[in-house]
Every structure is written in C-alpha cells, then in structure tokens.
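A.B. asks: Let me give you the structure first, and then I'll get to my questions.
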Amino acid sequence: MRIKKEAVVIGGGPAGMSAAASLAERGITDIVLLEKENRLGGVLSQCIHDGFGLVYYGKNYTGPEYSALYQEKIIENNIECITEATVLSVKAHETTRYYSVITVQVPAGTIEFETKAVILATGCRERGRGSIGIPGQRPSGIYTAGTAQAMINLMNYMPGKNVVIVGSGDIGLIMARRITLEGGRIICVVEKEALPGGLRRNILQCLEDYGIPLLTRATVTNIYGKERVTGVEISRLDEEGNIIQGSSSSYDCDTIILSVGLIPEDGMIETPHEGIFLCGNALYVHDLVDDVSLEGQIVAGQVENYLHALASGEEPGETRYAYPGIHTMRRKRGDILRRKKRPL
Amino acid sequence: MKRFDILIIGAGAVGNAIAREITKNNAAANVGILEKEPDTAFGISGRNSGVLHAGFNNRAGSLMAKLCVQGSEGFEKEAGELGISFKRTGKLVIARHEEDLPKLDKLKEQGETNGTRGLKIIDRTDFQKHNYDGIGIAALWSGMTGIFDPFEYTIALAETSAANGTSYYFGRQVTAIETAEADQGMRPDGKNGEERFIVTARNRKNGETEQFASQFLINSAGLYSDEICRMAGIHDYRIYPCRGEYHILDKKLSGSLELPVYPVPNEKEGGLGVHLTPTIHGNIMIGPSAEYFSEGQEREDYGTSREVMDVLIREGAELFPGIQSKDCIRSFAGVRPKLTSKTQGGYSDFVIGESEKVPGLIELVGIESPGLTSSIPIAKMVYSILKDRIPHNTGTHKEVQDRLKQRKGSQKMICLCESITEETVLEAYDKILKIGAIPTIKGIKNRARVTMGSCQGSFCTTQIIELLAKKRDLDPFELTWNGFESHLFTGRVRE
C-alpha cells in the first residue's frame, strides 16, 4: 500500500530540516522527512567546531548546536520523521508525470510513498583515492577527512598519530587542527593547486595558528606500507600540474587523510520527471551552512507554488525545473556559486 | 602436532577447489589447508579480470588449453552448485588494423584445435549485434567466454570445503618442510606416525611456530609455489612475478559495455593485453598491464604506479573512447606467477602432478591465467592422482547449500552505493568465522561488497565497525583492514 503525501523530503541534514520546517510553516503539513541515519543532523553532528550561523544568525554555533535549532523546529511543527530510512528509488508515477513514487528501505522492510513533490536534500559525498589516482600500496590508515572526523568526534577513536593531509579542503583543514589538539602530529597539508581550497579563515585558524606546513603545487605520488601506512612520497608540480622530476621526497607517516573535494549526491532520480526539487549540497557544494538553510526555505516556497498550481489545475510553470535552487541563487547572489580564491 | 592425510599449502581458488573436490568425494579424508593471509581470496585469486576463459588463447596440446576448455564447459553446473553468480557474456578480440586479421584467424584455429566452441570471425557491421559499438575493423567472437566474481567463487569453494570438513589454518606462513625418504614413513614423535611430511609454519597472529604432519602435501602456493618446492628439496622451478594493474570505473558507466573486449594479444607479452571487462556487478575494469618484477623485488608488490595508471586510461580509451581518469573509483594490482622470464616472454604450461623426486608431493606451479577458469579441472586432476591412495571412501558429502537462504535480519542499509544491508554485513562476518578466517574489513568487503561502491567506504567504514561492535561484540581494535598490523586506529581519543 502506498502512503500518500503532499511532499517528501529526503535527507535530514541542514538542507532537509530547513526545507521540512519551512514547508510546515507555510501550512504544508502532510509531509515526511526521511533520514538514513538513526538521528537528524547529517554531517553537522560530527562538526563539533564552531563557525556555523555567523552570517544569518550573527552567532557562532557549533555544528550540533546549529543542528539543534532546526531539530527544535521539526519538533515544534510536529513533522513526521523516519530515521534509518534509505531511499532505494524515486520514480515517476505510473499515470501522471506530476507525481513521484518513492521506495524506502527501513530495518523491517520496504515502504512506498506517493507524493506530489520530492525535495532532494541528500548532501554530498567525499571524493576518494580512486578518482584522484594516487599510486602505491593499499594499506590501512588512508581515510577521507569526513571519515576521520566521524572516528574522532563520534566514535572516540584516533585514526592516526602522524598524518599527511592531501588536499586543502575545509574538512581537511579542520581535521588538521582537530588531530593536533588531540595530540597527533600533522606532517603537512599537500595541495596540488597554487592556492588552498579551503576558506581563508580555516587556513588561518587551523593551519597557521598551529604552525602546520602547507605545501602548494605538490601532490602525493606514492604510498608505502603493506599493512599500515608507513610513509608517502610527495612531489612538486609545475604550473601545468606536471610532476617536476627530481622534486620527490619521502616522509614517514602512519595516516593519510584525503580532503580532495566533495561531489553532490544527486544521482537518485532514475527518470527525470516533474516535482523534483534539489537544495543544499545535493545541488552544489556550499561553503556555509547558512546558505544551505536559506536554500531549504527557498525550495519550500517553490514546492508551495508547485502544489498550488497542481491543486488549481494549472501548468506548474517555472517551478517544473529540477534545479530551482540554481535559478534562484544565481539571481540573488551571483558570487555564491564559485568561491574566489585569494592568495595568502 | 596436527596430523592430516592431505595438507594443502595456499587457500586460493586452486587450493580451495582441491580441498572441495577431495572432501566432496571422500568423507573420510582428513584435509588441512595452510594459508599465510588472514582470509581466502586475499592473494592473486581475487586479483584478476574475473573472466571465465574459453581456451582459445592457449597453445594447442597444452594442459592450459585442455583444463581451460574443461573449466569453461562445466561452469554453469559448478556455479549453480556453489550458488554464485555467473554470466556467459561472450567476448570480442578486436582487430584494429589489417595486419591483425591473420592473427584473428590463427586464434580461431588454435581455439578450434583446443575444442573451444562458439568461435567466429565477425566484421564491423556485426559489432552492434554483439553489443559492441567501439573501434575495430573485425573481431573474433567467443560465445563461451563469461564473467564472474573471483572473490565470490574462491570464497564459495572455501565455504563448501570447510563445511565438508576441511580444516583451515589462516595466518600460517610455511617456513620449513621436512620430508621422509621415499617409501619410508616418517616417525616424528616416535609413535606409529607414517606421515611423509612435517610442515612448520609461523602463526602470524602470535608469532608462534606450529607443526603439521601429513601423508600428502599439495603445493598450491601460487606466487610462492617455487619456494615451497625448494623447501621440499626441489629446485627445478623459478617463478617470474609479473604485475598487472587495473582500474575500476564507476557504475554510472555500467551498461555501456556488456562483454569483455580485448585487443589482439601480443605474443611476446606475458599477458592478454589491456582489455575492458564488465564485472558481474556492473562496473567496468581496465587492465591489466604486464610488468615483470626485477630480481629481488618483493613478490607481492600489489602497488600501483603513476606511469601505468596513465597508460591504462590511454589504452582503455583507445578501445572504448570517452573513458576518463576521473571515472575511476579504485585501482588495484595482481601478480602473475609466470614460469617464463621477461626475455622468454609468452606462456609456459601449468606444472601439475606428483613430484618424481619427492613422492607424495603434488606440484602445482605456474598456475597463472587461465588458472581461475581451470581451477576445478585442476582439482579433479589432483584428486585422480590421490583418490586410491587415501583412506577408504566412506561416503560423499552433500554440498551444503545455505548461500541463498531467506533474508530476515535487519534490512537497514549500511552501504548506499551498493545497497547492502546490516544483515548482509553480519552474515559476511559470520561466514568469515565459519571457515576459520580472521575478520578484516577487506574480507567483509570481498563477501558483502561494502566499500566497493563509488564512495569507497567513506560513509560505511565507520558504520561497519560500529555494527560489528554492537551486534557481534567485536572490539574495534581487533578488527583490521587486511590483517595483522593493518590497524584501523592508533588508540582512543580520550580514555
């Protein structure tokens, strides 16, 4: 049997919580929020550092604090949430292209929703070793920054003590500080571009404040160790990104943390059809959670328009676009899509 | 000391298949296997293209040709009994230039001499009919070639042979072999022992030395088969390790290639050339390279190198335009245990049989490609050597078939990329324990496919650890990446 809903929000991170809360505040209450973990919050739960909410709240929250603000909104608005629920597929309804059918795996089995609107707030995932092609052995001790962060902040396990960080993305920089504070040693952060990838404030607060070296135009060209990582080879790159012969040197380390980019998790829609809305990092990777929360509200407004159009029998018009966020954000803030990199 | 009728060294596809063949046909046989790795399929059995070869690449009259054709012909039945997935996709060997055409004819002729069925030369206009729209002017179509999961196959062989009573000893590295004179029983403990072999092994988990006695010794040690022979006093063989690197592409490209596509092989090279193979799970693999190791280089160097990684992408893109390095989710390497050196090139033949110098020792040396395809026929051949010389047959084992049982545990998804549930992960863990292997993330990966998807474990690694801690009471410090010192953590953050 299919459970009918006005809207289904997939993903209980900042984007999904904001979108669900905003839908409810607009009077659209026949909705459900689906979350694959056993709690709401998404990646915010493991981001115990601060810097969240500075732009829109003028306050400096930690990730869990920021998450709690939105969890309270979910509770206040009495929004139905299903945790440990993994979406298996989102398909067009058999008879109308304006409805979707969502199949969801829960611990006891599968359930199906039929809904007019789907908000994809599925976040992003981390790029791994395979897609950047680091040669060498495959020992233990090679983690993405987010995995290392979950190990330290959620599980109470140290992923390693002597660490080389590959890529200067924000999570990698934050992990450099975190590991240092917990007694580990960051040998260096290696960035293949001439300029670091992370926010300037993270370069200052996470690297410079702790004297952690940042090697730009450099990359890891070999990984040593059969069982656990024992070292890396780091080589310098020229302006075209080619390895400079003779520039390689080896460093001992027991851990390699990769912070080499995030990829929007937007591959869930098998058949493009109407009533699909994306927001947050599933749309594109944001620098600030504040923007993600705002986008959740915007997308809720678009869903409201869409539902209104369907109810009154009109063509849903402009909101048929699968990527409403891009249109809106481009109009509102042209600079939000691409960060400007500045020299140090 | 542990005593066996038959002791096998090496729990790869060949060792497992032999143990299964013996225990399947003879319930009385007392069989033990020593494996230096923490689990089965950690070595070269799990590091290859996962292709069931049809037998046309091998020299007419060779054991390779004979056993490969036998392995290919009977595989539906074996896959059914083992409960593993298998697809006879067919394969194309692509001729790109005029001068390749005679080579295609030669391959076809060789295949037909070997007894390979379903070979035909097709021209470009027939490519589409065979689900291929890449480059080439003509091709050899081989209808008998197929694909399967080498982990699933090797593990299923181990599970059935363990269920039939084979004793597995993982993490045991053989360090010495004592042999009795021919026709003379060895009496190591002064009792009525008649074992001809005493094998000493180091337990890699605790460093202790253990001894195993047996009547027959089977050397299916793959890359180290020459060294095991030397320990037994046979100095006739030398393995020339030849590495093959591969890339695995993201599943978003799945469906664009339905069957293995090979170039016309270069006879001097020690492999079949860089080819594209769809895996049974829907990824595409590019590889392998052929890199002979220099003398003294560590044999199990499964590392990958920048130069080869770039070449693979380039050569892969020649066969299948549009492949890019950013589509790779993982790179890995296998090593061929070749009996021919770099200067000799090409292939030698499998060495399979009882040693003349050391009776009771079954030598399996140079089992490179098509060794995986041939593994069951090899096992049958070995069993035929032994069957009248081991304790009397008191019945046969009915193969235990619980691989396809009803699912009922927690269906919570733990791996989103490959849609793997908690229950599947727990089941994989239990199966590792059941054959006596040491639990590792790699062993769970090989059985349940977690961490094999496009996120490569960045989401699920921590969840697997937590699940096993919660549901199986496994101390996260006990679980390793691929065994022994491959620890996941260096300690607690706070005590």
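A.B. asks: Seen from all sides and averaged, what is the projected area of the convex hull of the Cα atoms in chain B, in nm²?
C.D. replies: So the Cα hull casts an average projection of 24.5 nm².
A.B. asks: Related question: Looking only at chain B, where both bridge partners belong to it, what percent of the DSSP beta bridges are antiparallel (to the nearest 5)?
C.D. replies: Taking every DSSP beta bridge within chain B, about 70 percent pair in antiparallel fashion.
A.B. asks: OK, next. Gain in length, B:Ile137 to B:Ala27, computed as 0.36 nm per residue apart minus the alpha-carbon separation, to one decimal in nm?
C.D. replies: Answer, rounded to one decimal: 34.2 nm.
A.B. asks: Out of all Cα-Cα pairs in segment A:44-103, roughly what percent, to the nearest whole number, are more than 19 Å apart?
C.D. replies: 56
A.B. asks: Taking the Cα centre as origin and putting +1 on Lys and Arg beta-carbons and -1 on Asp and Glu beta-carbons, what dipole magnitude results for the protein assembly as shown, to the nearest 20 debye?
C.D. replies: 260
A.B. asks: Could you list the square roots of 5 times each eigenvalue of the Cα gyration tensor of chain A, that is, the equivalent ellipsoid semi-axes, sorted largest first and rounded to whole Å?
C.D. replies: 40, 20, 20
A.B. asks: Still on this model: Expressed as a rounded percentage, what relative contact order does segment B:39-171 have, with Cα pairs under 8 Å and six or more residues apart?
C.D. replies: 38
A.B. asks: Quick one: what Rg and Dmax do you get for segment A:127-261 from the alpha carbons, in Å?
C.D. replies: Every Cα atom of segment A:127-261 included, Rg and Dmax give 13.7, 42 Å.
A.B. asks: For the pair B:Lys2/B:Asp105, report the inter-label distance in nm, with labels modelled 7 Å from Cα in the Cβ direction.
C.D. replies: Roughly 5.7 nm, to one decimal.
A.B. asks: Right, another one. Taking the radius of gyration and the Kirkwood hydrodynamic radius from Cα positions alone, what is the Rg/Rh ratio for the protein assembly as shown, to two decimal places?
C.D. replies: Expressed as Rg/Rh, it is 1.00.
A.B. asks: Sticking with the crude label model, points 7 Å out along Cα→Cβ, report the distance from B:Ala60 to A:Glu25 in nm, one decimal please.
C.D. replies: 8.2
A.B. asks: Another question, then. Given the Cα-Cα distance of B:Glu307 and B:Lys434 and 0.36 nm per residue of separation, how much length would full extension add, in nm?
C.D. replies: Full-extension gain reported as 41.6 nm.
A.B. asks: Let me ask something else. Counting other Cβ atoms within 10 Å, which GluC sites (Glu not before Pro) in segment B:351-391 have at most 11 and lie in a DSSP loop?
C.D. replies: For GluC sites (Glu not before Pro) across segment B:351-391 that sit outside H, G, I, E and B with at most 11 neighbouring Cβ atoms in 10 Å, the list reads B:Glu356.
A.B. asks: Among bridges DSSP assigns within segment A:127-261, what percent are antiparallel (round to 5)?
C.D. replies: Counting only bridges with both partners in segment A:127-261, antiparallel ones make up about 40 percent.
A.B. asks: Considering the convex hull of the alpha carbon atoms of segment A:1-65, report its projected area averaged over all viewing directions, in nm², one decimal.
C.D. replies: 5.3
A.B. asks: Taking 7 Å along the Cα-to-C-beta vector as the label spot, tell me the B:Gln128-B:Leu474 distance in nanometres, rounded to one decimal.
C.D. replies: Here the modelled spin labels are 5.0 nm apart.
A.B. asks: Okay, next question. Nearest 0.05, what FRET efficiency do B:Asn206 and B:Glu466 give at R0 = 22 Å with Cβ-Cβ as r?
C.D. replies: 0.20
A.B. asks: For a Förster distance of 22 Å, can you work out the FRET efficiency between the beta-carbons of B:Ser419 and A:Arg97, rounded to the nearest 0.05?
C.D. replies: The value I calculate is 0.25.
A.B. asks: Under 4 °C and 1.567 mPa s, how fast does segment B:23-140 diffuse according to Stokes-Einstein, given a Kirkwood radius computed over C-alpha pairs? Answer in µm²/s, whole number.
C.D. replies: 76
A.B. asks: Set the Förster radius R0 to 51 Å, insert the Cβ-Cβ distance between B:Ile385 and A:Arg2 as r into 1/(1 + (r/R0)^6), and round the FRET efficiency to 0.05.
C.D. replies: Given R0 = 51 Å and the Cβ-Cβ separation, E is 0.25.
A.B. asks: In segment B:327-343, whose amide N lies under 14 Å from the spot 7 Å out along Cα-to-Cβ of B:Gln297? List them in ranges.
C.D. replies: Under cut-off, by backbone N: B:333-338, B:341-343.
Quick note: the coordinates plus some simple rules give every number you see, no bench work behind them. This one's a predicted model, so the numbers in the text were calculated from it and none came from an experiment. Please note: Cβ atoms are built from the backbone with ideal geometry, for glycine as well, and neighbour counts cover all protein chains shown.
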